[in-house]
Amino acid sequence: MLMESRPPKRLAVLGHPVGHSRSPAMQNAALEDLGLGDAFSYEAVDLEPEVFAEFVSGMEADGFVGANVTVPHKRAALVLADLAGPAATAIGAANTLTFESGRIRAENTDAPGLIDALSADPAGSRALLLGAGGAGRAALWALTEAGAGVSIWNRTGSRATELAAEIGGSAIADPQARDFDLIVNSSAAGLGGGDPFSDLPLEPDGFRAGQVVVDLVYGSNPSPLLEAAATAGATTVDGLEILVRQGARSLAIWTGREPSLEVMRAAARG
Ligand code: NAP
């Protein structure tokens, strides 16, 4: 008798552009490792903003059970949801969608993923957040919820002030990096190989031992910012580790299983 094989449950990362994303390699490796390689498949789908809502509304009918959402669709993803978790609601953006019986549930795993990646509990620490865009919003909410005191610097200072008024922390115009226990770069400075020190209020020799320095920007490995921080004896966390941590939380939501971080790291670093 022939066994009927079920098609895999589909998962995806939705973005524009999305061809560079490490998520398909990372998530498919984790699914394989969990013995779920035949039960689920994960792909990248490039969607222009104009077609995002229509595509998402048809995903369950097309066999999708969940999706990660990346730039520029995270706010739109929350708007489409029938249900939203507290992080997504507070941040105003979702990076994880689940399709269940005609309903869309939205969550934000970027925020807890950042906290997971830190080597120490940030409660009571003095944190400097660089950047007040989408990634900065999630980082600010995560750090504030975790009990850190956050100073926010942004190239356009008024956006830092607005974000602090909305979510918490306080804007700072001229931070001294040495004063902080934790420094998180959520700005796009350094993206595409530029020199982050020419655009940020940081000096290459301005870090110290005992600090934790996070750079959400990934590309060159290590980034110039993390290279300088490591030279000074600081603990560093790179953007791929943050990607792994948010992805691990998303996969646990969809499958109910805890994926191997080692397997995800190896695939993400590819
Ligand atoms: P976004 O919403 O467009 O915000 C960009 C931010 O970067 C703004 O604060 C902007 O300041 C600042 N900025 C841009 N160019 C700058 C420069 N040359 N010098 C100083 N500041 C600059 O983008 P986003 O979604 O927040 O993403 C920001 C970065 O985080 C990107 O590099 C992205 O790849 C990275 N990211 C990584 C992960 C991860 O998982 N590792 C997740 C999300 C994002 P103004 O307000 O002055 O324009």
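For residues in segment 64-84 being surrounded by 20 or more Cβ atoms within 10 Å (Cβ to Cβ) and under 16 Å from the mean Cα position of the chain (by Cα), which is farthest from S21 (Cα to Cα)?
L78
Could you list all residues from segment 120-179 that are farther than 25 Å from L191 by Cα and crowded, with 16+ Cβ neighbours inside 10 Å?
Listed by number, the residues that qualify are P122, S125, T144, E145, A146, A148, G149, I167, G168, G169.
Please go through segment 185-231 and give me each residue that is outside any helix (DSSP H, G or I), small (G, A, S) and within 13 Å of the ligand (Cβ to nearest atom), ordered by number.
The answer is S186, S187, A188, A189, G190, G194, G219, S220, S223.
Taking only segment 21-63 into account, find how many residues are more than 19 Å from R245 (Cβ to Cβ) and either surrounded by fewer than 22 Cβ atoms within 10 Å (Cβ to Cβ) or assigned by TED's automatic domain parsing to the domain that holds A138 (or both).
So the answer is 28.
From the list V65, V45, V79, pick out the single residue that is assigned to a helix (DSSP H, G or I) and away from the ligand (no atom under 16 Å from the Cβ).
V79
Only one residue in S125, S170, S119, S187 is at pLDDT below 95 and touching a strand residue (DSSP E or B) at 6+ places or on another chain (Cβ under 8 Å), so which one is that?
S119
Can you run down the residue pairs with Cβ atoms below 7 Å, 6 or more apart or on separate chains, where the first is in segment 190-202 and over 20 Å from A177 (Cα atoms) and in the same structural domain as L216 (by TED's automatic domain parsing) and the partner is crowded, with 16+ Cβ neighbours inside 10 Å and among the β-branched types (V, I, T)?
Partner pairs satisfying both residue conditions: L191/V217.
Out of curiosity, is T89 hydroxyl-bearing (S, T, Y) and within 16 Å of the ligand (Cβ to nearest atom)?
No.
Regarding I253, is this residue β-branched (V, I, T), touching a strand residue (DSSP E or B) at 6+ places or on another chain (Cβ under 8 Å) and either assigned by TED's automatic domain parsing to the domain that holds N185 or within 14 Å of the ligand (Cβ to nearest atom) (or both)?
Spelling it out, it is not the case that I253 is β-branched (V, I, T), touching a strand residue (DSSP E or B) at 6+ places or on another chain (Cβ under 8 Å) and either assigned by TED's automatic domain parsing to the domain that holds N185 or within 14 Å of the ligand (Cβ to nearest atom) (or both).
Regarding segment 234-251, can at least one residue be identified that is surrounded by fewer than 15 Cβ atoms within 10 Å (Cβ to Cβ) and either in contact (Cβ under 8 Å) with a residue 24 or more places away in the chain or not aliphatic (A, V, I, L, M) (or both)?
no
Which of (1) buried (at least 17 other Cβ atoms within 10 Å of the Cβ); (2) within 25 Å of G157 (Cα to Cα) is the odd one out, the single condition E203 does not satisfy?
So E203 meets the others, but not (1).
The values are calculated or read from the model by the stated rules, or taken from the named source; none is laboratory data. What you are looking at is a predicted structure, and each value in this text was computed from that prediction instead of being measured. Cβ sites come from the backbone with ideal geometry, for glycine too, and all protein chains shown count toward neighbours.
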